[in-house]
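> Below: one structure in structure tokens.
The values are calculated or read from the model by the stated rules, or taken from the named source; none is laboratory data. As the structure is a prediction and not an experimental result, all values here were calculated from the model. Every residue, glycine among them, receives a Cβ derived from its backbone with ideal geometry; neighbour counts consider all protein chains shown. Just so you know, the surface numbers come from the protein's heavy atoms only, side chains and all, with ligands and any DNA or RNA stripped out. Shrake-Rupley method; radii C 1.70, N 1.55, O 1.52, S 1.80 Å.
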Amino acid sequence: MSEQVEASITAAMNRLLDGKPDRTDGALTKENIRREAGISRATLFRAPQLLEWWDEQVGARAGRTPAEFARETENNQLKAEMAELKRKLRETEKALTGAKGIIGAMQVELDQLRSTVNNAAGSKVTPLRRR
């Protein structure tokens with residue numbers, strides 16, 4: 001089978017799957033592939049790998065229109081993206097909680113050091129004045 005015929009079949013399949021047929025009613029059938037590609041049945045069935053791919057694509061759509069399938073695909077992608085963002089948010093919240101604890105401990109230590117300096121016997125700390 002020539003590359004030109006395979007390209008014609010592939011283009012016809014993609015038009016049907018995208019819901020943009022040129023020559024047919026848009027139903028996801030092998031007969032419509034043949035009509036869209038402008039080839040004979042025999043020529044179509046000489047491309048078993050393409051037909052196998054077609055069967056997988058149509059099976060995945062299971063009676064949904066191209067628009068419904070596209071929405072479902074986008075919905076699934078958005079759900080996966082949302083799950084990833086939630087995971088990152090949990091990691092960020094854990095890091096923030098840890099940072100808050102460290103800052104709190106450092107504040108306590110700073111307060112203790114200031115108290116020690118202020119209460120030291122015989123020491124006088126004079127703050128520097130700004131010029």
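> Is it the case that segment 76-96 has a residue that's under 30 Å from Thr10 (Cβ atoms), of a type in the set (A, V, I, L, M, F, W, C) and not in a helix (DSSP H, G or I)?
no
> Among the residues of segment 1-29, write down those that are surrounded by 15 or more Cβ atoms within 10 Å (Cβ to Cβ) and over 22 Å from Thr73 (Cα atoms).
Result: Val5, Glu6, Ser8, Ile9, Thr24.
> Any residue in segment 30-46 that is in a helix (DSSP H, G or I) sitting within a Cβ distance under 7 Å of a residue that is acidic (Asp, Glu) and open to solvent by 70 Å² or more (accessible area, probe 1.4 Å)? List the pairs, counting only those 6 or more apart or interchain.
From segment 30-46, the pairs are Glu36/Asp22.
> Can you name the residue in segment 57-82 that is open to solvent by 60 Å² or more (accessible area, probe 1.4 Å) and among the small types (Gly, Ala, Ser) and is also farthest from Pro21 (Cα to Cα) among such residues?
Per the criteria, the residue is Ala80.
> Going by the structure shown, is Ala37 touching an Asp or Glu at 6+ places or on another chain (Cβ under 6 Å) and surrounded by 13 or more Cβ atoms within 10 Å (Cβ to Cβ)?
Values: touching an Asp or Glu at 6+ places or on another chain (Cβ under 6 Å): no; surrounded by 13 or more Cβ atoms within 10 Å (Cβ to Cβ): yes.
No; evaluated as a whole, the condition is false for this residue.
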